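Here is the structure we will look at, set down as structure tokens.
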Amino acid sequence: MDVAGLLRDFPELTLTGLEQGAIYALVALGYTLVYGVLKLINFAHSEVFMIGSFAALWTWQGLGFVYDAEAAPLGSFLLAVLVGVIAAAGASALTAVTIERVAYRPLRKRNAPPLAFLITAIGASFVLAEGIGVYTHRAPYGMPRLLQPEVVFQLGGWKFTNTQLIVITVTLLAMVALDQFVSRSRLGRGIRAVAQDPDTSALMGVNKDRVIFLVFLIGGLMAGVAALLWNILPIGVAKFNMGFLIGLKAFAAAVLGGIGNLRGALLGGLLLGVAENYAVGLFGTDWKDFVGFVLLVVLLMFRPTGLLGESLGRARA
Amino acid sequence: MREALLEVDNVTLRFGGVVALNQVDFTLYKGEILGLIGPNGAGKTTCFNAMTGVYRPTEGEIRFGGQRISGKRRYQITKMGIARTFQNIRLFPEMSALENVMVGADAHHRTGALSAMLRLPRHWKEERSGRDRAHDLLRFVGISRPGEQARNLSYGEQRRLEIARALATNPQLLCLDEPAAGFNPAEKDALNQLIRKVRDSGVTVLLIEHDMRLVMGVTDRIVVLEFGKKIAEGTPAEVRENPAVIAAYLGVPTDAS
């Protein structure tokens with residue numbers, strides 16, 4: 001155990017943790033929104049993220065963006081991000097909505113038991129991952145390096161890099177926007193109404209299918225944004241099974257914060273990211289995933305409904 | 001000739017072997033207050049649920065304004081103009097009183113998701129008018145704290161809030177499922193006034209209620225169910241004198257004299 005190392009690298013580990021945690025949080029939103037409304041754990045959501053990643057990659061390749069971050073001017077960086085986010089968010093949202101339409105809605109119409117949904121979710125996840133796996137020959141694809149991480153400003157021992165600032169800012173903005181949407185808008189009201197009482201909502205004229213569509217759409221868009229941010233990070237590699245671990249962690253983050261609770265997704269994501277990176281400092285990189293899940297299990301012993309409790313209806317988004 | 005609003009046409013509803021409704025047949029006319037009464041388990045709530053699309057009749061059909069209800073989705077039935085309250089209060093507990101009513105008002109908004117996202121002026125106009133209407137309805141039923149969470153309202157307020165929320169969907173027909181349950185006499189009198197006010201505002205009312213004083217005092221006509229069958233229909237005075245009804249309520253065999 002390397003306490004001295006943890007203390008020495010504390011600022012860097014914290015910031016890296018927040019950066020990765022922000023991405024977990026964005027993916028976690030998709031789990032939490034769907035759970036809040038349908039009480040369904042959409043395991044295929046990890047593949048929504050994965051497809052977003054590939055969509056950005058293929059779009060960049062198709063348009064001939066080749067990046068040497070050292071030399072790339074700001075203008076072409078912004079253009080690449082814009083094109084990438086449209087491709088990733090679009091593909092992810094389309095995937096999410098298609099999964100709901102093809103896999104879940106028919107089950108809902110037949111009042112299938114929860115286990116049927118669960119197996120369908122796992123099945124959809126495998127089909128998508130393996131489909132892309134076959135298509136890409138199970139090879140990893142390096143992302144064009146869009147941005148060379150560099151320190152933009154320093155505050156004492158805290159060095160903020162450009163990627164950290166971008167990822168964290170984008171995540172917070174997305175969160176605030178979604179929070180406002182759910183707690184203030186008419187559609188948000190519909191989402192909360194269905195989350196609190198689906199049957200009564202229907203009798204009050206809320207179109208449940210539309211609310212469900214909307215929830216999958218938003219979750220997909222957020223996963224697409226997360227996929228793009230993931231590509232901006234220096235680790236950026238697209239692989240058919242990349243969704244598995246990130247999806248699992250995002251799901252853990254959602255549970256940690258209180259599944260069904262939007263703010264819980266943010267808190268859980270950031271907490272998980274930071275804890276993992278402290279574990280890296282303390283025990284070494286091999287222990288990263290180990291510690292994250294131990295944290296989850298221990299925390300749930302004391303707060304079984306997660307840190308902020310379960311409730312989308314309450315819209316403490 | 002009175003204009004029929006809702007026609008329950010020979011409706012039978014079976015759950016497995018249990019016959020919950022047996023060839024029930026009655027008509028609800030525009031502008032009246034119709035009472036639906038019967039001993040416990042007579043099928044009142046089942047009948048109600050069939051009328052609001054929760055259950056689908058096994059036989060027969062229910063028509064609203066001449067249009068068949070069976071097979072329609074619940075939100076579509078709401079859009080057709082049928083609203084209801086619940087025997088057990090079913091508000092959105094974590095929303096404010098105002099928001100509860102606005103969910104009902106949202107149902108007949110014209111603008112879709114796109115204009116809401118683009119924040120088009122038409123959307124804002126609707127949002128504002130929905131909010132104004134929600135405030136009006138809260139005043140109409142006598143709730144003075146629009147910002148309060150529904151679960152923090154008093155029992156009587158929660159019942160009245162359900163009525164306000166149902167009215168927000170702009171119904172032609174309001175179905176009240178035991179709205180006076182748990183009320184004291186003063187609250188029942190206030191409810192009597194409120195039901196009349198609702199009718200006078202142009203909404204037809206169907207009332208399921210156990211409290212005979214309220215039912216006899218407020219309704220124009222009454223339909224009596226027992227064991228899923230209609231046993232009587234008429235004005236409160238006629239129903240009160242009807243031997244079959246007296247027997248059903250007092251448990252006297254009809255052939256005993």
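The values are calculated or read from the model by the stated rules, or taken from the named source; none is laboratory data. All values derive from a computational prediction rather than experimental measurement. Note that each Cβ is placed from the backbone with ideal geometry, even for glycine, and that neighbours are counted across all protein chains shown.
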In this structure, is residue A:237 under 29 Å from residue B:99 (Cα atoms) and of a type outside the set (D, E, K, R)? no
Which of the following residues is part of a loop (DSSP other than H, G, I, E, B), surrounded by fewer than 22 Cβ atoms within 10 Å (Cβ to Cβ), within 18 Å of the chain's Cα centre (by Cα) and at positive phi: B:71, B:31? B:31
Select from the stretch A:171-187 the residues that are crowded, with 20+ Cβ neighbours inside 10 Å and of a type in the set (Val, Ile, Thr) and write down the one among them that is nearest to the other protein chains (Cβ to nearest Cβ). A:182
Can residue A:190 be described as within 14 Å of chain B (Cβ to nearest Cβ) and not in a helix (DSSP H, G or I)? no
Conditions first: (1) more than 19 Å from residue B:26 (Cβ to Cβ); (2) in contact (Cβ under 8 Å) with a residue 24 or more places away in the chain. Residue B:236 passes all but one, so which condition is the exception? (1)
Here is a list of conditions, (1) in contact (Cβ under 8 Å) with a residue 60 or more places away in the chain; (2) of a type outside the set (Val, Ile, Thr); (3) buried (at least 21 other Cβ atoms within 10 Å of the Cβ), and residue A:279 meets all of them except one; can you say which number that is? (1)
Please specify each residue of the stretch B:102-120 satisfying the condition of being more than 7 Å from chain A (Cβ to nearest Cβ) and modelled with pLDDT of 70 or more. B:105
For the stretch B:1-28, what are the residues that are in contact with a helix residue (DSSP H, G or I) (Cβ under 9 Å, 6 or more places away or on another chain) and surrounded by fewer than 17 Cβ atoms within 10 Å (Cβ to Cβ)? B:15
Residues in the stretch A:101-122: is at least one buried (at least 24 other Cβ atoms within 10 Å of the Cβ), of a type outside the set (Phe, Trp, Tyr) and assigned to a helix (DSSP H, G or I)? no
Give me a count of the residues in the stretch B:163-179 that are surrounded by fewer than 24 Cβ atoms within 10 Å (Cβ to Cβ) and in contact with a His (Cβ under 9 Å, 6 or more places away or on another chain). 2
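Being within 14 Å of chain B (Cβ to nearest Cβ), among the aromatic types (Phe, Trp, Tyr) and within 26 Å of residue A:84 (Cα to Cα) narrows it down to one residue among A:244, A:213, A:160, A:251; which is it?
Only one candidate qualifies: A:213.
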Could you look through the stretch B:207-234, keep only residues that are assigned to a loop (DSSP other than H, G, I, E, B) and of a type outside the set (Val, Ile, Thr), and pick out the one that is farthest from the chain's Cα centre (by Cα)? B:227
Those residues of the stretch B:34-47 which are surrounded by 16 or more Cβ atoms within 10 Å (Cβ to Cβ) and either over 22 Å from residue B:178 (Cα atoms) or of a type in the set (S, T, N, Q) (or both), in sequence order: B:45, B:46
Which of the residues belonging to the stretch A:32-49 are farther than 16 Å from residue A:103 by Cα and either within 11 Å of the chain's Cα centre (by Cα) or not in a helix (DSSP H, G or I) (or both)? A:32, A:49
If you go through the stretch B:162-206 one residue at a time, how many are assigned to a helix (DSSP H, G or I), within 12 Å of another protein chain (Cβ to nearest Cβ) and of a type in the set (A, V, I, L, M, F, W, C)? 4
Can you find a residue that is outside any helix (DSSP H, G or I) and either over 18 Å from residue A:31 (Cα atoms) or among the hydroxyl-bearing types (Ser, Thr, Tyr) (or both) anywhere in the stretch A:283-294? yes
Residue list for the stretch B:61-78, filter: touching a residue at least 60 places away in the same chain (Cβ under 8 Å) and either under 17 Å from residue A:207 (Cα atoms) or in the same structural domain as residue B:107 (by TED's automatic domain parsing) (or both): B:78
With A:312, A:282, A:233, A:308 as the choices, which residue is out of contact with any Phe, Trp or Tyr (no Cβ under 6 Å at 6 or more places or on another chain) and over 29 Å from residue A:11 (Cβ atoms)? A:312
Filter result for the condition that a residue is crowded, with 18+ Cβ neighbours inside 10 Å, modelled with pLDDT under 90 and more than 13 Å from residue B:95 (Cβ to Cβ), over A:217, A:203: A:203
Taking the stretch A:220-232 and keeping residues at pLDDT 90 or above and within 22 Å of residue A:139 (Cβ to Cβ) leaves A:227, A:228
Given (1) modelled with pLDDT under 90; (2) outside any helix (DSSP H, G or I); (3) surrounded by 18 or more Cβ atoms within 10 Å (Cβ to Cβ), residue A:235 misses just (3)
If you go through the stretch B:55-65 one residue at a time, do you hit one that is in contact with a helix residue (DSSP H, G or I) (Cβ under 8 Å, 6 or more places away or on another chain), within 15 Å of residue A:199 (Cα to Cα), facing chain A (nearest Cβ under 10 Å) and not polar (S, T, N, Q)? no
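Mind telling me which of the residues B:145, B:139 ends up being over 21 Å from the mean Cα position of the chain (by Cα) and at pLDDT 85 or above?
Details: B:139 fails: over 21 Å from the mean Cα position of the chain (by Cα).
Answer to the check: B:145.
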Within the stretch A:56-98, which residues are closer than 17 Å to residue A:163 by Cα, surrounded by 12 or more Cβ atoms within 10 Å (Cβ to Cβ) and modelled with pLDDT under 90? A:67, A:69, A:72, A:76, A:77, A:79, A:80, A:81
Every residue from the stretch A:199-212 that is free of Cβ contacts under 8 Å to residues at least 24 places away in the same chain and either among the acidic types (Asp, Glu) or in a helix (DSSP H, G or I) (or both): A:199, A:200, A:201, A:202, A:203, A:208, A:210
